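Data first, discussion second: the structure below is written as C-alpha cells.
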Number of protein chains: 2
Amino acid sequence: MDDVDRILAQWQVARPDLDVWAMGPLGRLGRVSSALARRMEQTFARHGLNAAGFDVLATLRRTPPHALTAGELMAAMMITSGTVTNRIDQLAKAGLVERQGDETDGRRVVIRLTDEGQALIERAIVDHVATQTELLAGLDAEELAGLDAALRKLMAGLETGA
Amino acid sequence: MDDVDRILAQWQVARPDLDVWAMGPLGRLGRVSSALARRMEQTFARHGLNAAGFDVLATLRRTPPHALTAGELMAAMMITSGTVTNRIDQLAKAGLVERQGDETDGRRVVIRLTDEGQALIERAIVDHVATQTELLAGLDAEELAGLDAALRKLMAGLETGA
DNA sequence: TGGATATATCTTGATGTCAAGATAATGATG
DNA sequence: CATCATTATCTTGACATCAAGATATATCCA
C-alpha cells in the first residue's frame with residue numbers, strides 16, 4: 001500500500017463507477033520518473049551542470065563527428081529551437097562549447113566541445129553512469145527484464161502517435 | 001533497435017570502457033513518461049485544463065472532505081507552497097475553486113470546488129480514466145504486472161532517500 | 001539575374017516551477 | 001502580558017521551456 005494505492009482507494013470511494021486501475025502503473029511511472037530525474041540532477045550538479053547542459057555535452061560527446069548543428073541537437077534532444085539556443089548560450093558562456101560558423105553555408109553553425117567541455121563531460125559521464133547503475137541496483141535481472149520489455153512496448157506504441 | 005539502443009551503441013563506440021546498460025531502461029523510462037504526460041495533457045486540454053489544474057481539482061474531488069488547505073494540497077501534490085498559490089489563483093480566477101477563510105483560525109484557508117469546478121472534474125475524470133486505460137491497452141496482463149512490480153520496487157527504494 | 005521558396009537559427013512573450021524570504025496569525029513561556 | 005517561536009500562506013526573482021514569429025542565408029527556376 002503506497003501513496004498511489006491510497007489514491008486509487010480514494011477514487012474507489014469517490015467514484016465507484018470508474019475503474020481506475022490504469023492510474024496505478026501510470027501514477028507510479030510518473031513519480032518514479034521524477035524521483036529518478038531529481039537523483040540524476042544531483043550528479044550533474046557535482047560537475048556544475050544541470051540536466052539540460054549535461055544533455056548537450058553528452059550528445060556532442062557520443063555523436064560522431066563530435067560537432068553538431070543547432071538543428072541536429074534539437075532533433076537529438078527532442079526540444080525546440082529556442083531551447084537549443086538557450087542551452088548553447090549558457091554552455092558557451094561557461095566556456096564548455098563554442099559556435100563555429102561554416103564558411104560555405106552562412107546559415108550553418110556547428111557547435112563543438114571546447115577542451116574544457118570535453119574534459120568535463122569525460123568526468124561527468126563516468127559519474128552519471130555510476131549513478132544510473134546504482135539507481136537500478138535494487139532490481140534483479142528478471143524485474144529489470146520485465147520493466148524494460150514493457151517500456152519498449154509502450155515506447156513503440158507511443159512514438160507512432162498511436 | 002530504438003532511439004535509446006542507438007544512444008547506447010554510440011557510447012559503446014565513444015567510451016568502450018564504460019558499461020552503460022542502465023541508460024537503456026532509464027532512458028526509456030524518461031521518454032515514455034514524457035510522452036505519456038503529453039498524451040494526458042491533451043485530454044485535460046479538451047476540458048480547458050492543464051495537468052496542474054487537473055491535479056488540483058482531482059485531489060479535491062477524491063479527498064474527503066473535499067476541502068483542503070493550501071498546505072494539504074502542497075503535500076498531496078508534492079509541490080512547493082508558491083506553486084500551490086499559483087495553481088489556486090488560476091483556478092479561482094476561472095471560477096473552479098474558491099478560498100474560504102476559517103473563522104476560528106485566521107491562518108487557515110480551505111480551498112473547495114465551486115459547483116462549476118465540481119461539474120468539470122466529474123466530466124474530466126471520466127475522460128482521463130479512459131485515456132489512461134487506452135495508454136496501457138497495448139500491454140498484456142503479464143507485461144503490466146512486470147512493469148508495475150518493478151515500478152513499485154523502485155518507488156519504495158527511492159522515497160526513503162536510498 | 002531576380003524573386004519566390006526553403007532552410008537554419010535566434011528572439012520574444014508567456015507559462016509553470018522552485019527557493020528563499022516576507023507577511024500574518026496563533027500558541028507558548030517567562 | 002510581552003516576547004519569541006511556530007504555523008500557514010503568499011510574494012518575489014530566477015530559470016527552463018515552448019510556440020510563434022523574426023531574421024538571415026541559400027537554392028531553385030523562370
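FYI, it's all coordinate maths here, none of it is from the lab. None of these values were measured; they are calculated from a predicted model. Every residue, glycine as well, gets a Cβ built from its backbone with ideal geometry; the counts of neighbours run over all protein chains shown.
Using a Gaussian network model of chain A with C-alpha springs under 10 Å, which one of A:Gly146, A:Gly27, A:Gly71 is most mobile by mean-square fluctuation?
Judging by the Gaussian network model, the answer is A:Gly146.
If the label for B:Asp140 sits 7 angstrom from Cα along the Cα-to-Cβ line, what are its distances to the same label in every other copy, in nm to one decimal, shortest first?
The answer, with the shortest distance listed first, is 2.3 nm.
Using bins 10 angstrom wide from zero, how does P(r) for chain A break down, in % of all Cα pairs?
The percentages, shortest bin first, are 9, 27, 29, 21, 10, 4, 0.
Given R₀ = 56 Å, what would the calculated FRET efficiency be for A:Trp21 paired with A:Ala92, taking r from the Cβ atoms and rounding to 0.05?
Using R0 = 56 Å, I get an efficiency of 0.70.
Tell me the mean residue ellipticity at 222 nm calculated for chain B from its helices only (DSSP H runs of n ≥ 4, each -39500 (n - 2.57), averaged over every residue, nearest 500).
Taken over chain B, the calculation gives -22000 deg cm²/dmol.
How shielded is B:13-26 by partner chains, expressed as the average number of their Cβ atoms within 10 Å of its Cβ atoms?
Mean number of neighbouring Cβ atoms from other chains: 6.
In chain B, which residue puts its Cβ closest to the axis that turns chain B onto chain A, and how many whole Å away is it?
Residue with the nearest Cβ, plus whole-Å distance, for chain B: B:Gly146, 1.
Provide, as a two-decimal number, the C-alpha radius of gyration of the protein assembly as shown over 2.2 N^0.38 Å, N being how many residues it has.
Taking the Cα Rg and dividing by 2.2 N^0.38 Å, one obtains 1.12.
Where the centre of each part is set by its Cα atoms, how far does the stretch A:1-18 sit from the stretch B:1-35, in angstrom?
What the calculation gives is 35 Å, centre to centre.
Put a point 7 Å out from Cα along the line to Cβ at A:His47; what are the distances to that point in the other copies, in nm, shortest first?
Relative to the other copies, A:His47 has label-point distances of 4.2 nm.
Between B:Ile125, B:Ile88, B:Ile79, find the one with the highest GNM mean-square fluctuation for chain B; connect C-alpha pairs within less than 10 Å.
B:Ile79
Anyone know which of B:Val32, B:Val110, B:Val84 comes out most mobile in the 10 Å Cα GNM of chain B?
It is B:Val32.
Sorted from shortest, what are the nm distances separating the label point of B:Leu18 from equivalent points in the other copies, each placed 7 Å from Cα along Cα to C-beta?
Label-point separations across copies, in nm and ascending: 4.2.
Need one value for B:63-76: mean number of C-beta atoms belonging to other chains within 10 Å of its residues' C-beta atoms.
Mean partner-chain Cβ count within 10 Å for B:63-76: 1.
Counting Lys and Arg as +1 and Asp and Glu as -1, each charge on the Cβ, what is the dipole of chain B about the Cα centre in debye, to the nearest 20?
340 debye
Restricting to Cα pairs below 8 Å that are 6+ residues apart, what does the relative contact order work out to for chain B? Please round to a whole percent.
19 percent
Of A:Leu139, A:Thr59, A:Ala14, which is farthest on the positive side of the dipole of the stretch A:1-149, counting Cα position, with +1 on Lys and Arg Cβ, -1 on Asp and Glu Cβ, and the Cα centre as origin?
Sorting the options by dipole projection puts first A:Thr59.
Looking only at other chains, what is the average number of their beta-carbon atoms within 10 angstrom of each beta-carbon in A:119-125?
That works out to 1 on average.
Dipole of the protein assembly as shown, Cα-centred, from +1 at each Lys and Arg C-beta and -1 at each Asp and Glu C-beta, to the nearest 20 debye?
660 debye
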